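Worksheet: one structure, shown below.
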Amino acid sequence: MATAIGYAPGALARYAGWHRVAAPCRDDGDSPFARLLGERWLFLPPATRRRFLRKIEAGACVSYLGEVAECRMSRPGRVLAQAARLIGAPLPLGTDIGVSASVSVTADADGQGQYWTRQYGRAQGFPQVIHSAKRFAGRTGIEEYLGLGVGIALRLEEAGGALLFVSDHYFLKLGRWRLELPGWAMPGALTVGHMDIGGGRFVFSLDLVHPMLGELVHQLCVFADPAE
């Protein structure tokens, strides 16, 4: 017989010893990020390396909380952000600042991919939630999948102690069929940055710049490391 709050006695017994699965740090040589960046890996601050050395096993989740510090979009950028809702709205839809932000990272069972869920608060209405998947694959070694088969091949770079994910090309993948999009069909050069600012905090930046239209989107968020 069910209890008043809707579950049968014993239904939660298997959770008696449940605890959150940790994501310990691995050695540099075991990290796909370290392998992709090569000797420039050691130019990154220890705190940055530690974040990307985390081995996220199946069932584990690493979450970072923060807020949006800067956000601007040109008129073409706003049009593009709205059009991109067809593939899951990967770009910010508003320019509210001082609102909450969070990032949660999980991984697939074989450890070759990560799932990123970003949530941005709004001054009004529900927060925006963005899902994407990073896969250690392709000729650049890392790709980000958005929605409806659209993806971005990324290059890992280091500049001034910041870790950068720089777009190499965009592609459309449906099953085994893959089409690399020509330059004229690309929305612009995308650069996503991660820079440590000390005190267990880091800056996440997103910049999308079109060769003819200039800056389309700029976003900067400040996040804090989770408590150990």
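The values are calculated or read from the model by the stated rules, or taken from the named source; none is laboratory data. The structure displayed is predicted, hence computed values, not measured ones. Neighbour counts run over all protein chains shown; Cβ positions are idealised from the backbone, glycine included. Just so you know, the surface numbers come from the protein's heavy atoms only, side chains and all, with ligands and any DNA or RNA stripped out. Shrake-Rupley method; radii C 1.70, N 1.55, O 1.52, S 1.80 Å.
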Calculated [θ] (222 nm, deg cm²/dmol) that DSSP helices of n ≥ 4 give over the chain, each run adding -39,500 (n - 2.57): -2500 deg cm²/dmol
Alpha-carbon centroid distance for the pair region 156-228 / region 75-91, whole angstrom: 15 Å
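So for the chain, averaging the separation of alpha carbon pairs under 8 Å that are six or more residues apart and normalising by length, what relative contact order in percent results?
On the way: 471 pairs, mean separation 41.6, N = 228.
RCO, the chain: 18 percent.
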Extent along principal axes [Cα atoms of region 112-227; Å; largest to smallest]: 44, 38, 36
Accessible-area value, residue 145, 1.4 Å probe, nucleic acids and ligands omitted, Å²: 60 Å²
Approximate spin-label separation residue 99-residue 209, in nm, with each point projected 7 Å along Cα-to-Cβ: 2.7 nm
Cα gyration tensor shape for region 80-122, rounded if a/c is under 1.5, else prolate or oblate: oblate
For region 53-116: rounded, prolate or oblate by the Cα gyration tensor [a/c cutoff 1.5]: oblate
Per-bin percent of Cα-Cα distances, the chain [10 Å]: 7, 29, 35, 20, 7, 3, 0
Whole-percent carbon and sulfur share, accessible surface of the chain, 1.4 Å: 59 percent
Alpha-carbon spread of region 21-132, three principal axes, descending order, Å: 44, 31, 26
For region 129-168, alpha-carbon Rg over 2.2 N^0.38 Å: 1.24
